[in-house]
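Read-outs throughout are calculated quantities, based only on the coordinates presented, and are distinct from any laboratory measurement. Please read all numbers here as calculations on a predicted model, not as lab measurements. So basically every Cβ, Gly included, is an ideal-geometry build from the backbone, and we count neighbours across all protein chains shown.
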Amino acid sequence: MIRDIEESEGVVSMMRLGVQDARRWGGAMIGAGIMLAFAMLALDRYELIPVSVSLVAGGPSLIGLALGAKAWQAQAENKGG
């Protein structure tokens, strides 16, 4: 199933689907990092602090990269190149 052309209404590009997936995964990463932090507090075990920080910091980074790539693609399409 090829969905990479955005020429008519109702057609969704693969880039747009990728951005939606990145937003979902980024939100899941942020949520997992916060839940892990609360679990560490509840269990009084702090070995996974770097993992929690990486999850909370990586989620917005993933979203930002996907949105930046989509903006770059949209700008290139508007220039005609």
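Phi angles across segment 35-44 convert, under the Karplus curve 6.51 cos²θ - 1.76 cosθ + 1.60 with θ = phi - 60°, into 3J(HN,Hα) values of 5, 4, 4, 5, 5, 5, 5, 5, 8, 6 Hz, Gly and Pro given as x. Site pair Ala74 and Ala32 shows an inter-label distance of 2.8 nm when each label is modelled 7 Å from Cα along Cα→Cβ.
Which part of segment 15-31 falls in the paramagnetic zone of Tyr46, meaning amide N under 14 Å from the point 7 Å along Cα-to-beta-carbon? Within reach of a label on Tyr46: no residues.
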